[in-house]
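Engineer: One structure is given below, represented as structure tokens, and several questions about it will come after.
Only the coordinates and a few stated rules stand behind these numbers; no lab work does. The model shown is predicted, which means the values in this text are computed figures rather than measured ones. Positions of Cβ are backbone-derived with ideal geometry, glycine not excepted, and every protein chain shown enters the neighbour counts.
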Amino acid sequence: QQQVKQSPQSLIVQKGGISIINCAYENTAFDYFPWYQQFPGKGPALLIAIRPDVSEKKEGRFTISFNKSAKQFSLHIMDSQPGDSATYFCAASYKGSARQLTFGSGTQLTVLP
Amino acid sequence: DTGVSQNPRHKITKRGQNVTFRCDPISEHNRLYWYRQTLGQGPEFLTYFQNEAQLEKSRLLSDRFSAERPKGSFSTLEIQRTEQGDSAMYLCASSLPGVETQYFGPGTRLLVL
């Protein structure tokens, strides 16, 4: 299975709160898991990525948590800001697939001021 | 600007017409990918080039679609006899050899009337 399932579809958070987006995958061949941020009318921009040999990766306010046994990974945005309002996509790839990215369906995040 | 560039940014055409999009990857990125993104969905892989060789094609890439990368630098994606179902954002991404990270361009939004 190539599918990556993402939830929730939409998320509303107060400024300063924590935003949490979850993804699950089936294909155990996946070995690279990036998160992309997309603003309306723009292309996706890489936020942060993780490989399955680590359980957590943090970059600034963004943290990926990875659970290999459950085949799940999540994005945590700490101290969410109105400027974080965008659509977030999880994705996965593996070497044997020419590194083509399989994307989740996206989460539209709104951070209220 | 040293990022991935795509032209045109927007294209409106009538059903049955042919359209061609161009992608200029980041310099020295020998891997180039095309994705299609419909409204409210994540990008879906279409095709992959390593240098000038087209090595992977998705089942989404019907025989009306053709992609080229003649000199291993820029790439073109042509859609012949466009249909209303072709309306989407067409995204191009590039990466360095042996590196998982893909950098996306701003996309070409196609509307078929």
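Engineer: Hey, got the dipole for chain A? About the Cα centre, +1 on K and R Cβ, -1 on D and E Cβ, debye to the nearest 20?
Structural biologist: Computed charge dipole of chain A: roughly 120 debye.
Engineer: Same structure, new question: Which whole number gives the average count of other chain Cβ atoms within 10 Å of the Cβ atoms across peptide B:47-54?
Structural biologist: Mean shielding by partner chains, rounded to a whole number: 1.
Engineer: Starting from 0.36 nm per residue, how many nanometres of slack lie between B:THR101 and B:ARG81 once their C-alpha separation is accounted for?
Structural biologist: 3.8 nm
Engineer: Within 10 Å of each Cβ of A:41-48, how many other protein chain Cβ atoms are there on average?
Structural biologist: Partner Cβ neighbours, averaged per residue: 6.
Engineer: Along segment B:75-87, what does the Karplus equation 6.51 cos²θ - 1.76 cosθ + 1.60 (θ = phi - 60°) give for ³J(HN,Hα), rounded to whole Hz, x for Gly and Pro?
Structural biologist: Values per residue, Gly and Pro as x: 10, 10, 10, 10, 10, 9, 6, 4, 10, 4, x, 7, 4 Hz.
Engineer: With only alpha-carbon atoms in the gyration tensor, what are the semi-axes of the equivalent ellipsoid for the protein assembly as shown, in Å, largest first?
Structural biologist: 30, 20, 16
Engineer: Treating only the Cβ of Lys, Arg, Asp and Glu as charged (+1, +1, -1, -1), what charge dipole size does chain B show about its Cα centre? Round to the nearest 20 debye. Don't skip to the end; give the middle numbers.
Structural biologist: Values: 14 positive and 12 negative charges, 91 e Å.
Charge dipole, chain B, about its Cα centre: 440 debye, nearest 20.
Engineer: How shielded is B:93-101 by partner chains, expressed as the average number of their Cβ atoms within 10 Å of its Cβ atoms?
Structural biologist: Rounded to a whole number, the mean comes out at 3.
Engineer: Alpha carbon centre of segment A:25-101 versus segment B:19-67: separation in Å?
Structural biologist: Distance between centres, Cα-based: 21 Å.
Engineer: Can you tell me the FRET efficiency between B:GLU68 and B:GLN17 if r is taken as the Cβ-Cβ distance and R0 is 22 Å, rounded to the nearest 0.05?
Structural biologist: So the FRET efficiency works out to roughly 0.70.
Engineer: Of A:LYS71/B:LYS57; A:LYS5/B:LYS71; A:LYS15/B:LYS57; A:LYS42/A:LYS71; A:LYS95/B:LYS71, which sit over 32 Å apart, Cα to Cα?
Structural biologist: Flagged as over cut-off: A:LYS5/B:LYS71; A:LYS15/B:LYS57.
Engineer: Any idea how far apart A:MET78 and A:LYS58 come out in nm if each label point goes 7 Å out from Cα toward Cβ?
Structural biologist: 0.4
Engineer: Taking H placed 1.01 Å from N in the peptide plane, check which residues at least 5 places from B:LEU46 or on another chain put their amide H under 5 Å from its amide H.
Structural biologist: Amide H to amide H, under 5 Å and 5 or more residues apart or across chains, B:LEU46 pairs with B:TRP34, B:TYR35, B:ARG36.
Engineer: Mind giving me the nanometre distance, one decimal, between the label points for B:SER27 and B:LYS57, set 7 Å out from Cα along Cα→Cβ?
Structural biologist: 3.3
Engineer: Further question: If you bin the C-alpha pair distances of chain A every 10 Å from 0, what whole percents do you get?
Structural biologist: 15, 49, 29, 6, 0
Engineer: Hey, can you grab everything whose amide H is under 5 Å from the amide H of A:TYR32? Only 5+ residues off in sequence or another chain; H modelled, so Pro and N-termini drop out.
Structural biologist: HN-HN under 5 Å from A:TYR32: A:SER93.
Engineer: Now for a different question. Mind putting together the pair-distance distribution for segment B:34-113? All Cα pairs, 10 Å bins, whole percent per bin, short to long.
Structural biologist: Result returned by the calculation: 17, 53, 26, 4, 0.
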